[in-house]
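Structure first, commentary second.
The values are calculated or read from the model by the stated rules, or taken from the named source; none is laboratory data. Predicted model only: the values in this text are computed from it and were never measured. Heads up, the Cβs are rebuilt from the backbone with ideal geometry, glycines too, and the neighbour counts pull from every protein chain shown.
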Amino acid sequence: MRNNANQKSQWQPATMTIHGGKQPDQHGALVAPLYQTATFAFSNTAEGSARFAGEQSGYIYSRLGNPTTNELEVRIAQLEGFPAGAACATGMGAISAAMLAFLEQGDHVVVADAIYGCSFALFSHLFKKFGIQVDFVDMTEPQNVRVAMRDSTKMVFIETPANPHLKIIDIAAVATIAHEGQARVIVDNTFMTPLLQQPRKQGADIVIHSATKFLNGHGDVVAGLICGGAEDIEMIKATTLKDMGATMSPHDAWLILRGLKTLDVRMERHCQNAVKVAEYLVQQPLVREVYFPGLPDHPAQRLMGTQMHGSGAVIAFELKGDIHHARQLLDNLNLITIAVSLGDAETLIQHPASMTHSPYTPEARARAGISDTLIRIAVGLEAVDDIIADLEQAFAQAFATTKTEQQQGETLTYG
Ligand code: LCS
């Protein structure tokens with residue numbers, strides 16, 4: 001094999017997305033083979049028992065490890081700058097496996113108040129059911145984390161930029177406070193990918209991804225990834241992953257390895273398209289507010305060039321009017337698809353209050369600022385003029401309908 005370890009450490013991230021973790025292949029296959037197998041044969045009983053006892057390396061059973069998923073684990077760990085990685089069935093599988101491996105009854109966790117809806121459900125319902133205390137705090141003000149910390153605080157969970165409206169958290173500031181209290185910092189880096197943000201540099205102990213999104217990029221897989229120190233990943237693999245079992249299928253790992261190869265060019269195009277869509281939305285009269293890290297007045301700008309190296313491609317915007325207008329706008333789209341998820345080639349649009357963030361209680365939704373007129377668009381890779389033209393015609397139709405209703409005497413309030 002011509003690639004050696006020294007070369008690898010000097011490679012740029014774009015090169016790493018293609019070559020990271022590559023294993024030599026006996027036939028010289030360019031593309032990683034797919035080991036679509038549940039189990040691995042032992043040549044004799046001594047070999048089998050030695051592998052179970054950890055006295056001999058080698059694969060045993062695909063829930064415990066598989067060469068294809070292993071290649072992906074090494075590649076994502078290299079990209080995030082961590083020693084080790086673990087592949088999971090879904091992003092939620094990654095979050096629950098990474099956290100429950102270190103938590104027990106009576107422990108306390110501090111969580112950012114605006115996060116993906118199912119993460120909220122996990123922390124607010126399931127964790128509580130098992131006696132793990134959770135406080136949700138607005139981490140845009142890091143001092144709130146200090147106030148929430150207790151002697152029993154074992155983990156601090158950050159999502160930045162946050163789903164759905166791109167709140168930004170200063171990872172380094174929160175990590176300093178968490179580490180003073182001996183708590184592990186776990187960052188959900190799904191919206192940025194390691195090409196735009198490497199939370200380890202800001203002090204994260206563990207990074208997780210929904211690999212369903214940009215990392216795979218083609219909308220054909222649900223998967224999750226965890227990166228961390230060797231001991232932490234070993235602990236996760238040996239406990240929550242092995243015994244609760246939310247591990248990744250080798251076929252999904254193979255698809256993500258394929259998707260990752262184009263991550264750099266895809267992110268460039270995603271970000272360029274998103275900036276143009278955000279600029280369009282800012283000047284659209286029916287839009288009250290646009291939340292997008294790439295806009296000059298967004299709080300993300302303070303961390304651009306240090307924590308963040310790009311805007312990402314998720315935009316949230318607040319419509320004038322009410323939920324009826326939000327529905328009208330989405331229902332009038334032709335090219336843009338009404339669907340949850342993000343990071344795909346296709347531009348996807350959704351209504352967080354009734355879709356991704358419906359697991360929130362109405363009070364928690366109000367506290368997190370997820371209103372009925374908030375819309376989230378995950379900008380894809382299409383020609384941006386086509387995306388904007390579709391939005392334009394949908395706004396025009398929603399506006400036309402509004403006028404008709406006004407003529408019919410309905411009271412509509414446009415601020
Ligand atoms: N973390 C973030 C930031 C997410 O946005 C999601 C899913 C997850 C974790 C969970 O990943 P999964 O288990 O789905 O692979 N976010 C979704 C969204 O915004 N729309 O649909 C799913």
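Checking R75 against (1) surrounded by 24 or more Cβ atoms within 10 Å (Cβ to Cβ); (2) within 16 Å of the ligand (Cβ to nearest atom), which single condition isn't satisfied?
Failed condition: (2).
Give me the residue from the range 138-149 that is hydrophobic (A, V, I, L, M, F, W, C) and either in a loop (DSSP other than H, G, I, E, B) or not assigned by TED's automatic domain parsing to the domain that holds R184 (or both) and, out of that set, nearest to the ligand (Cβ to nearest atom).
Once the filter is applied, the top-ranked residue is M139.
Where residues in the range 80-137 are in a loop (DSSP other than H, G, I, E, B) and within 15 Å of the ligand (Cβ to nearest atom), which of them is modelled with the lowest pLDDT?
Taking the candidates together, the pick is A114.
For the range 360-374, state whether one or more residues are at pLDDT 95 or above, surrounded by 18 or more Cβ atoms within 10 Å (Cβ to Cβ) and within 16 Å of the ligand (Cβ to nearest atom).
Scanning the range 360-374, I find at least one residue that is at pLDDT 95 or above, surrounded by 18 or more Cβ atoms within 10 Å (Cβ to Cβ) and within 16 Å of the ligand (Cβ to nearest atom), so the answer is yes.
Show the residue pairs that are 6+ apart or on different chains and have beta-carbon atoms under 7 Å apart, the first residue being within the range 211-233 and over 26 Å from A345 (Cβ atoms), the second being away from the ligand (no atom under 13 Å from the Cβ) and among the β-branched types (V, I, T).
G228/I206; D232/I206
Find the helices (runs of 4 or more DSSP H) located wholly in the range 233-342 whose residues include 2 or more that are polar (S, T, N, Q) and not assigned by TED's automatic domain parsing to the domain that holds R75, and list them. Before you say what the answer is, go through the steps one by one.
Details: elements: 250-260, 263-282, 323-331.
Answer list for the range 233-342: 263-282.
Please enumerate the residues belonging to the range 96-132 that are surrounded by 17 or more Cβ atoms within 10 Å (Cβ to Cβ) and free of Cβ contacts under 8 Å to residues at least 60 places away in the same chain.
L103, D107, H108, V109, V111, A112, L122, F123, F127, I132
Conditions (1) in contact with a Ser or Thr (Cβ under 8 Å, 6 or more places away or on another chain); (2) more than 15 Å from the ligand (Cβ to nearest atom), marked per residue:
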| residue | (1), (2) |
| --- | --- |
| I171 | yes, no |
| A175 | no, yes |
| E180 | no, yes |
| T190 | yes, no |
| Q198 | no, yes |
| G203 | yes, yes |
| V207 | no, no |
| F214 | yes, no |
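Find the residue count for the range 356-377, including only residues that are closer than 23 Å to I168 by Cβ and either acidic (D, E) or free of Cβ contacts under 8 Å to residues at least 24 places away in the same chain (or both).
Residues that pass the stated criteria total 2.
Name the residues in the range 309-330 that are under 13 Å from P293 (Cβ atoms) and either of a type in the set (F, W, Y) or buried (at least 22 other Cβ atoms within 10 Å of the Cβ) (or both), would you?
Listed by number, the residues that qualify are S311, G312, A313, V314, I315, A316.
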